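Following: one structure in structure tokens, then a few remarks.
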Amino acid sequence: MTGQRSAEDLNYPPGSLVLLAGLPGAGKSTLLDRLYGLRGDEREPVRAGEVWVIDSRQSRNWWARYLGPIPPRIRTPIVHATHVSRIARALLRGHGVVAHTRGTWPHILYGFAWLARRVGSEVHLILLDVDPQTARAGQLSRGRVVTAAGFARHCRRWRVLVGRARSGALPPAAGVVVLDRPASDLLRAIRFDGDEVTDTETS
């Protein structure tokens, strides 16, 4: 992979799906808020020019009025299915998409890559690589804490994913950028202007 100290401006081909992945609490939603001016109370995907910005909070907020006291073990799969379907619909319509994803679930990546190929598009990854302690603190600050056992599983899968990314072997993504916390703080824009990002490591 090509090393660089910062990635202030990431550029992708028009119509690409850019998945923003990381441990729970890594700062994915915070980054989308900063780049696209999201408030966190949106119920639908947000259009930014020709790009749709899709955060899982949007699906969570949409379902909140209906699901109410339903236990998380039932509510979470419903919210996640809604989030995935929104990403798929935007991609099928030919839009560029920047989306929050559960980065430690590889089958999600393979599913989106298959869908992207069907519409002549590509999937790119931005991996927010923070240490587990920082991610845990992020969970506490947002008021949604993953169980210890669940978080341990996320961490194990994340180490494998990032290890593969750093070695340059992360199919089926067309490209991957690994950002540590300082590098993600420097990121100012995700653009879709036709220039493809070279695989990049910034930690």
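The values are calculated or read from the model by the stated rules, or taken from the named source; none is laboratory data. Values in this document were obtained by computation on a predicted structure and should not be read as measured data. Heads up, the Cβs are rebuilt from the backbone with ideal geometry, glycines too, and the neighbour counts pull from every protein chain shown. SASA here: full protein model, heavy atoms, side chains in, ligands and nucleic acids out. Shrake-Rupley method; radii C 1.70, N 1.55, O 1.52, S 1.80 Å.
Just give me the residues in the stretch 106-124 being of a type outside the set (Asp, Glu), part of a loop (DSSP other than H, G, I, E, B) and crowded, with 17+ Cβ neighbours inside 10 Å, in sequence order.
Listed by number, the list holds a single entry, SER121.
Inspection of the stretch 2-15 identifies no residue that is at pLDDT 95 or above and β-branched (Val, Ile, Thr).
Take the residues of the stretch 55-105 that are in a strand (DSSP E or B) and modelled with pLDDT of 90 or more: which is nearest to the chain's Cα centre (by Cα)? Selected residue: HIS100.
Here the condition is being at pLDDT 95 or above, assigned to a strand (DSSP E or B) and either more than 25 Å from ARG136 (Cα to Cα) or not polar (S, T, N, Q) (or both); of ARG47, ARG34, ARG43, it holds for ARG47 alone.
Any chance the stretch 43-59 includes a residue that's surrounded by 19 or more Cβ atoms within 10 Å (Cβ to Cβ), closer than 23 Å to LEU109 by Cα and in contact with an Asp or Glu (Cβ under 6 Å, 6 or more places away or on another chain)? Taking every residue of the stretch 43-59 in turn, at least one turns out to be surrounded by 19 or more Cβ atoms within 10 Å (Cβ to Cβ), closer than 23 Å to LEU109 by Cα and in contact with an Asp or Glu (Cβ under 6 Å, 6 or more places away or on another chain).
Just name the residue that is surrounded by the fewest Cβ atoms within 10 Å (Cβ to Cβ) out of those in the stretch 188-203 that are of a type outside the set (A, V, I, L, M) and modelled with pLDDT of 90 or more.
Here is the first cut: in the stretch 188-203, the ones of a type outside the set (A, V, I, L, M) are 188, 191-196, 198-203.
Then keep just the ones that are modelled with pLDDT of 90 or more; that gives 188, 191-192.
Values: ARG188: 13, ARG191: 16, PHE192: 20.
Here the answer is ARG188.
Contact map, the stretch 17-42: first residue farther than 18 Å from GLN133 by Cα, second residue of a type in the set (S, T, N, Q) and open to solvent by less than 20 Å² (accessible area, probe 1.4 Å), Cβ cut-off under 8 Å, separation 6 or more or different chains; pairs are LEU19/THR101; LEU20/THR101; LEU31/SER184; GLU42/GLN58. Looking at this structure, is THR82 open to solvent by 60 Å² or more (accessible area, probe 1.4 Å) and polar (S, T, N, Q)? Against the criterion (open to solvent by 60 Å² or more (accessible area, probe 1.4 Å) and polar (S, T, N, Q)), THR82 does not qualify.
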